[in-house]
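All remarks here apply to the structure that follows.
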Amino acid sequence: MSTDDALDAGPYGAPDRELVAAAADADDRAVEGALRPKRLDDFIGQPRVREQLSLVLHGALRRGRAPDHVLLSGPPGLGKTTLAMIISAELGAPLRITSGPAIERAGDLAAVLSTLSEGEVLFLDEIHRMARPAEEMLYVAMEDFRVDVVVGKGPGATAIPLDVAPFTLVGATTRAGMLPAPLRDRFGFVAHMDFYEPADLERILHRSAGLLGVVLEPDAGQEIARRSRGTPRIANRLLRRVRDYAEVRADGRLDRATARAALRLYEVDDEGLDRLDRAVLGALLKRFGGGPVGLSTLAVAVGEESETVEVMAEPFLVRAGLLARTPRGRVATPAAWSHLGLTPPPDAAFAGAATLFDEADIGQGGRLDDGDDEPGTP
Ligand SMILES: Nc1ncnc2c1ncn2[C@@H]1O[C@H](COP(=O)(O)OP(=O)(O)O)[C@@H](O)[C@H]1O
Ligand SMILES: [Mg+2]
């Protein structure tokens, strides 16, 4: 398995995901290695995260000590894996890569931790999916650089303490709210990654075009950036599809007309919404009259797990101003109705609520707003 396979074949990494899905498919993994910025200076956008991280890393380098553990949190495709690799490159330290689902038992983690070398960066992707007993072992290792390996069973079992070389843990998660507080608290630096501005996506597209050896005209870059769902992974994927189209159907130039025609052919909508986004919005509007409706009811309506809807679709729909999370459930905004070309019924619940209950009130985990036990929800 290549590094990128190990990193990106997450639960949503099925190779048949469509064009604008944020999860990586096999094709992405093949090229992402080449497109990943290698140093912090080449990392485009996320200025706050970049600056904070730069301070953490350079401070550690000056002191000649391993930096604090770093938690990277945010939706798929925004650059968490890229940043983990950059952290190891900036520190000039080796990188060890594993992921939560690969750690099924505490022993799996002990095996990794006990073989780290001093200063090594351990990247734990999808850290919220790690087995519980391993989580506990991890807190101790993060704080005291020690693991207790239990030998034997029952009353005769003994814990043998083992030293762990000072290391830096870089955890990545699409769901920071799922991490138990004791684990979250042991990260000295938490970077919240947000969707990218179109201007940053344009810069990423031009950089990628250069690396792929294609000439991307500015207005085509703008067009692709606008439809990339705020996500660099999607931007790079759309760029490759537009390039294919330009080479096969047009004269090879990536101009606006070609970009438009290609994106139309691939059914990427104006806002870059993917099939799941559209399904969620469609269900919210057509089956639940615009809401409010609980997350799990909505997930059942589109035939997905609640977590898939919460991680893959909602953050962008909220960011795009199409959906609001309120204490009573999910609510469509007026923009959602017009995006799907529908007229809201006169009694539609509008997200004036969105201004009353913004993300900050709902908190990281979005826990208080499930609303599934409200009476009258179908
Ligand atoms: N800030 C950035 N600048 C340039 N390219 C980026 C940036 N962030 C992500 N990318 C590109 O997007 C792709 C996906 O990023 P990745 O780090 O795998 O996301 P995540 O791990 O958050 O799902 C990478 O291959 C990289 O080429
Ligand atoms: Mg990743």
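For Pro67, what is the net charge nearby, where nearby means another residue's Cβ is under 14 Å from its Cβ and Lys, Arg count +1, Asp, Glu -1?
So the environment of Pro67 carries a net charge of 0.
Roughly how big is the chain's charge dipole about its Cα centre, with Cβ charges of +1 (Lys, Arg) and -1 (Asp, Glu), in debye to the nearest 20?
Roughly 520 debye for the chain.
Taking neighbour Cβ counts within 10 Å as the exposure measure, how do Glu305, Glu223 sort from fewest upward?
Ordered by Cβ neighbours within 10 Å, fewest first: Glu305, Glu223.
With only Lys, Arg, Asp and Glu charged, each at its Cβ (+1 for the first two, -1 for the last two), find how big the charge dipole of the stretch 274-325 is about the Cα centre; round to the nearest 20 debye.
300 debye
Going by how many other beta carbons lie within 10 Å of each one, how would you line up Val140, Val121, Val164, Val280, fewest first?
Neighbour counts put them in this order, fewest first: Val140, Val164, Val121, Val280.
Give the angle, between 0 and 90 degrees and rounded to the nearest 10, that separates the Cα long axis of helix 132-144 from the longest principal axis of the Cα atoms of the chain.
60 degrees
In Å, what Kirkwood hydrodynamic radius results for the stretch 198-265 from the alpha-carbon pair distances?
Computed over Cα pairs of the stretch 198-265, the Kirkwood hydrodynamic radius comes out at 11.2 Å.
Which angle between 0 and 90 degrees, to the nearest 10, do you get for helix 198-212 versus the longest principal axis of the chain when only C-alpha atoms count?
Roughly 70 degrees between the two axes.
Which one of Leu122, Val149, Ser88 has its Cα pushed farthest toward the positive end of the charge dipole of the chain, where Lys and Arg give +1 and Asp and Glu give -1 at the Cβ?
The Cα lying farthest towards the positive end belongs to Ser88.
Rg and Dmax of the chain, using alpha carbons, in Å: what are they?
22.3, 76
Loop only by DSSP, 15 or fewer other Cβ within 10 Å of the Cβ. Give me the trypsin sites (Lys or Arg not before Pro) in the stretch 139-225 that pass, ordered by residue number.
For trypsin sites (Lys or Arg not before Pro) across the stretch 139-225 that sit outside H, G, I, E and B with at most 15 neighbouring Cβ atoms in 10 Å, the list reads Lys153.
Roughly how big is the stretch 224-263's charge dipole about its Cα centre, with Cβ charges of +1 (Lys, Arg) and -1 (Asp, Glu), in debye to the nearest 20?
280 debye
At each listed q (0.10, 0.14 Å⁻¹), what is the log10 of I(q)/I(0) that the Debye formula gives for the stretch 36-192 modelled as equal alpha-carbon point scatterers?
-0.35, -0.66
Sort Ile103, Ile224, Ile127 so the one with the fewest other Cβ atoms within 10 Å of its own Cβ comes first.
Ile103, Ile127, Ile224
Which angle between 0 and 90 degrees, to the nearest 10, do you get for helix 26-35 versus the longest principal axis of the chain when only C-alpha atoms count?
Computed tilt is about 70 degrees.
Could you list the square roots of 5 times each eigenvalue of the Cα gyration tensor of the stretch 205-335, that is, the equivalent ellipsoid semi-axes, sorted largest first and rounded to whole Å?
Taking √(5λ) for each eigenvalue gives 34, 13, 12 Å, largest first.
Can you pull the semi-axes for the stretch 144-236, root of five times each eigenvalue of the Cα gyration tensor, sorted largest first, whole Å?
So the three semi-axes of the stretch 144-236 are 47, 15, 12 Å.
Which of Gly77, Gly154, Gly213 ends up with the largest GNM mean-square fluctuation for the chain, with Cα atoms connected below 10 Å?
Gly154
Using only Cα atoms, what is the ratio of the radius of gyration of the stretch 29-111 to 2.2 N^0.38 Å?
Against the empirical 2.2 N^0.38 Å value, I get 1.20 for the stretch 29-111.
Rank by packing, highest mean first: peptides 80-93, 226-239, 311-324, with packing defined as the count of other Cβ atoms within 10 Å averaged across residues.
226-239, 311-324, 80-93
How high is the relative contact order of the chain, in percent, with contacts defined as C-alpha pairs under 8 Å that are six or more residues apart?
15 percent
Read the figures in this text as sums done on the coordinates, not as results from a lab. Predicted model, so just to flag it, every value in this text is computed and none were measured. Note: ideal-geometry Cβ built from the backbone for every residue, glycine included; neighbour counts use all protein chains shown.
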